[in-house]
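Trainee: Structure incoming, see below.
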Amino acid sequence: MSRVFSGIQPTGEPHIGNLFGAMFNYVKLGEQYGKDAIYCIVDLHAPTNPNAYDKATLSRLTFEMALANLAAGLDPQKVIFFVQSQVREHSELGWLFTLQTPVGELERMTQYKDKAGQLESIPAGLLMYPVLQAADILLYKAGTVPVGEDQVQHIELAREVARRFNHNFGETFPEPKAVLTKEALRVPGVDGHGKMSKSKGSNSTIGVLEGMESIWAKLRPAPTDPARVRRSDPGNPDICLVFDYHKLFSDLDTIQMVNTECRTAGIGCIDCKKALLPGIERTLAPIQARAVELKQEPDQVYDALQDGAKQARAIAETTMGEVRERMGFLGR
Ligand code: TYM
């Protein structure tokens, strides 16, 4: 059985897109793979986007991202969970892959084009972002990468990186595959502007650790089917982000009720949004309660991460020994 690897950026508060698209899957695969499931807060990736990086908040956001994952059920005794910058081999392998990756391949990446388009001066690191991501995965020779749909292109690139290395230096790395959750390939932002995203700020996100009042303040004005202008107009749940959320949070009866009553104008959009609240609370309340407990014992979180980094390093050092030898660097 090959390893599982995934990473999450500490560029903001974790949101329900992260939770359903990735974090729940980390926990599930962790049950199956144990110490062959490796998860990482990728703090070296965060500064690649100057709009999402602030020196003053990086360590706090890293800690909070760790805390949210632990609160959501990740068990550091069972899996390996650590912070990327604490295992130096990520940067080293990232550099060695950079040497072999054509710039043209990187310029085609959709996320690069989106982010670079918003910047006046583009840091080279933003272009190299997916190369470091490939290094994250391949350092542990992982074959399975649980991610949301937005990361599929980056995992394809990691496959390309592995193939090229194997071709140039001999069979070393597996070709990793993305695994997506069924229900949450791409959770929409509550502001109605595309995918929910940490880097778009809190107008787009429903935070995993956010209070119900604050969630309702965003949900209440959230756009729904634009053709439904009056309360008496029938709506189409298939194009409504609130219905997408119902599919994540609500029980089957509620989902069916909302589906029928929206199409027949039996309920209005506010009723539909109110019907979503119990499901959100049922999912987030236990996570938030656990987060409050963990926050009171920060050393538990720091110790778990240190321990995780030690375990990750042991694997990373072995891979790097092999890579250095294959590439011809002086051994001793
Ligand atoms: P990041 O931090 O943006 O997102 C973390 C995970 O959450 C998923 N996700 C979503 N899923 C569904 N709907 C959404 N709206 C949504 N928003 C985010 C992402 O797909 C991701 O799985 N490049 C990665 C971090 C990374 C990584 C890696 C991932 C670095 N190295 C190695 C896997 C393997 C990223 O930006 O994640």
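Trainee: When both residues are 6+ apart or on different chains and their Cβ atoms are under 7 Å apart, which pairs have a first residue that lies in the stretch 37-48 and is in contact (Cβ under 8 Å) with a residue 40 or more places away in the chain and farther than 15 Å from residue 60 by Cα, and a second that is more than 10 Å from the ligand (Cβ to nearest atom) and of a type in the set (Lys, Arg)?
Mentor: Note: pairs meeting the criteria are 38/3.
Trainee: From the list 277, 209, exactly one residue is of a type in the set (A, V, I, L, M, F, W, C), over 30 Å from residue 112 (Cα atoms) and in contact with a helix residue (DSSP H, G or I) (Cβ under 8 Å, 6 or more places away or on another chain). Which is it?
Mentor: Numbers: 209 fails: over 30 Å from residue 112 (Cα atoms).
Answer to the check: 277.
Trainee: Here's a follow-up. Can you go through 230, 220, 263 and tell me which one is touching a residue at least 12 places away in the same chain (Cβ under 8 Å), over 27 Å from the mean Cα position of the chain (by Cα) and surrounded by fewer than 20 Cβ atoms within 10 Å (Cβ to Cβ)? Spell out how you get there, then give the answer.
Mentor: Details: 230 fails: touching a residue at least 12 places away in the same chain (Cβ under 8 Å); 220 fails: over 27 Å from the mean Cα position of the chain (by Cα).
Testing whether each residue is touching a residue at least 12 places away in the same chain (Cβ under 8 Å), over 27 Å from the mean Cα position of the chain (by Cα) and surrounded by fewer than 20 Cβ atoms within 10 Å (Cβ to Cβ) leaves just 263.
Trainee: Right, here's the next one. Among the residues of the stretch 132-156, which ones are more than 8 Å from the ligand (Cβ to nearest atom), crowded, with 19+ Cβ neighbours inside 10 Å and farther than 19 Å from residue 322 by Cβ?
Mentor: 144
Trainee: Can you tell me how many residues within the stretch 1-47 are among the polar types (S, T, N, Q), more than 9 Å from the ligand (Cβ to nearest atom) and open to solvent by less than 20 Å² (accessible area, probe 1.4 Å)? Outline the logic, then answer.
Mentor: Quick first cut of the stretch 1-47, residues among the polar types (S, T, N, Q) only: 2, 6, 9, 11, 18, 25, 32.
Next cut, more than 9 Å from the ligand (Cβ to nearest atom) only: 2, 32.
Next, only the ones that are open to solvent by less than 20 Å² (accessible area, probe 1.4 Å) stay: none.
The qualifying residues number 0.
Trainee: Now a separate question. Based on what the data block shows, is residue 276 open to solvent by less than 20 Å² (accessible area, probe 1.4 Å) and under 23 Å from the mean Cα position of the chain (by Cα)?
Mentor: Numbers: open to solvent by less than 20 Å² (accessible area, probe 1.4 Å): yes; under 23 Å from the mean Cα position of the chain (by Cα): no.
No; evaluated as a whole, the condition is false for this residue.
Trainee: So, one more: Answer yes if at least one residue in the stretch 100-107 is closer than 24 Å to residue 26 by Cβ and open to solvent by 20 Å² or more (accessible area, probe 1.4 Å), and no otherwise. I'd like the intermediate steps shown before the answer.
Mentor: Quick first cut of the stretch 100-107, residues closer than 24 Å to residue 26 by Cβ only: none.
No: zero hits.
Trainee: Any chance the stretch 179-198 includes a residue that's polar (S, T, N, Q), within 14 Å of the ligand (Cβ to nearest atom) and not assigned by TED's automatic domain parsing to the domain that holds residue 146? Outline the logic, then answer.
Mentor: Of the residues in the stretch 179-198, the ones polar (S, T, N, Q) are 181, 197.
Pick out the ones that are also within 14 Å of the ligand (Cβ to nearest atom) and you get 181, 197.
Applying the additional criterion that residues be not assigned by TED's automatic domain parsing to the domain that holds residue 146 yields 197.
Yes; the residues of the stretch 179-198 include at least one that is polar (S, T, N, Q), within 14 Å of the ligand (Cβ to nearest atom) and not assigned by TED's automatic domain parsing to the domain that holds residue 146.
Trainee: Any idea which of 165, 169 is aromatic (Phe, Trp, Tyr) and open to solvent by less than 40 Å² (accessible area, probe 1.4 Å)?
Mentor: Selected residue: 165, the only one of 165, 169 that is aromatic (Phe, Trp, Tyr) and open to solvent by less than 40 Å² (accessible area, probe 1.4 Å).
Trainee: Here's a check for you: in the stretch 49-101, which residue that is in contact with a Ser or Thr (Cβ under 7 Å, 6 or more places away or on another chain) and among the polar types (S, T, N, Q) is nearest to the ligand (Cβ to nearest atom)?
Mentor: 49
Trainee: Applying the selection to the stretch 199-210, what residues are open to solvent by less than 40 Å² (accessible area, probe 1.4 Å) and either in contact with a Gly (Cβ under 9 Å, 6 or more places away or on another chain) or away from the ligand (no atom under 12 Å from the Cβ) (or both)?
Mentor: 201, 204, 205, 206, 207, 210
Trainee: Residues in the stretch 109-131: is at least one away from the ligand (no atom under 13 Å from the Cβ) and either of a type in the set (Val, Ile, Thr) or touching a Gly at 6+ places or on another chain (Cβ under 9 Å) (or both)?
Mentor: Scanning the stretch 109-131, I find at least one residue that is away from the ligand (no atom under 13 Å from the Cβ) and either of a type in the set (Val, Ile, Thr) or touching a Gly at 6+ places or on another chain (Cβ under 9 Å) (or both), so the answer is yes.
The values are calculated or read from the model by the stated rules, or taken from the named source; none is laboratory data. Note that the structure is predicted; figures quoted are calculated from it, not measured. Using ideal geometry, Cβ is built from the backbone for each residue, glycine included, and neighbour counts are taken over all protein chains shown. Note: accessible area is taken over every heavy atom of the protein model, side chains too, but ligands, DNA and RNA are not part of it. Shrake-Rupley method; radii C 1.70, N 1.55, O 1.52, S 1.80 Å.
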